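Following: one structure in C-alpha cells, then a few remarks.
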Amino acid sequence: MKSTIKIANMRSSADINSIREAISSNEGVIACQINKEKSEVSVVYDSYFLSEDRLVQSLEDLGYTIL
C-alpha cells in the first residue's frame, strides 16, 4: 500500500531526518521518500503490519502537524 502524507511544519534537514527515522521505525515500512519542497512524505508499506493512521500518529507524536 502507498500513502502520501502532507506535513505542515517540515522545514529543515533535521526535520527530514526525524521524520525518516520515525517512519522507518514502524514495522512493515518498505520505502519512504520525503519531498521537502512539497512538504510531503510518500510511504510504501505492508498494510498487514501497519495502517496510515499509525504512520500519522508516529509523526504527530514528534510534534509535526499533518494536513
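Bear in mind these aren't lab numbers, they're just calculated from the coordinates by the rules spelled out. If you're wondering where the values come from, they're calculated on a predicted model, not measured in any experiment. Here the Cβ positions follow ideal geometry from the backbone for every residue, glycine too, while neighbour counts run over all protein chains shown.
Kindly indicate the residue of region 6-30 that is touching a Phe, Trp or Tyr at 6+ places or on another chain (Cβ under 8 Å) and aliphatic (A, V, I, L, M) and also nearest to residue 61 (Cα to Cα) among those meeting that condition.
19
Taking region 26-54 as the search range and keeping residues that are acidic (Asp, Glu) and surrounded by 11 or more Cβ atoms within 10 Å (Cβ to Cβ), which one is farthest from the chain's Cα centre (by Cα)?
In this case the residue turns out to be 46.
Could you give every pair whose Cβ atoms fall below 6 Å, whose first residue belongs to region 52-67 and is farther than 14 Å from residue 25 by Cβ, and whose second residue is among the aliphatic types (A, V, I, L, M) and in a loop (DSSP other than H, G, I, E, B), counting only separations of at least 6 or pairs across chains?
These pairs meet every condition: 65/8; 67/8.
Considering only residues that are of a type in the set (Asp, Glu) and in contact with a Lys or Arg (Cβ under 9 Å, 6 or more places away or on another chain), which ones fall in region 9-60?
15, 40 - these are the residues of region 9-60 that are of a type in the set (Asp, Glu) and in contact with a Lys or Arg (Cβ under 9 Å, 6 or more places away or on another chain).
Which residue is nearest to residue 67 (Cα to Cα), if the candidates are limited to region 7-25 and must be under 10 Å from the mean Cα position of the chain (by Cα) and surrounded by 13 or more Cβ atoms within 10 Å (Cβ to Cβ)?
So, considering only residues that are under 10 Å from the mean Cα position of the chain (by Cα) and surrounded by 13 or more Cβ atoms within 10 Å (Cβ to Cβ), the one nearest to residue 67 (Cα to Cα) is 7.
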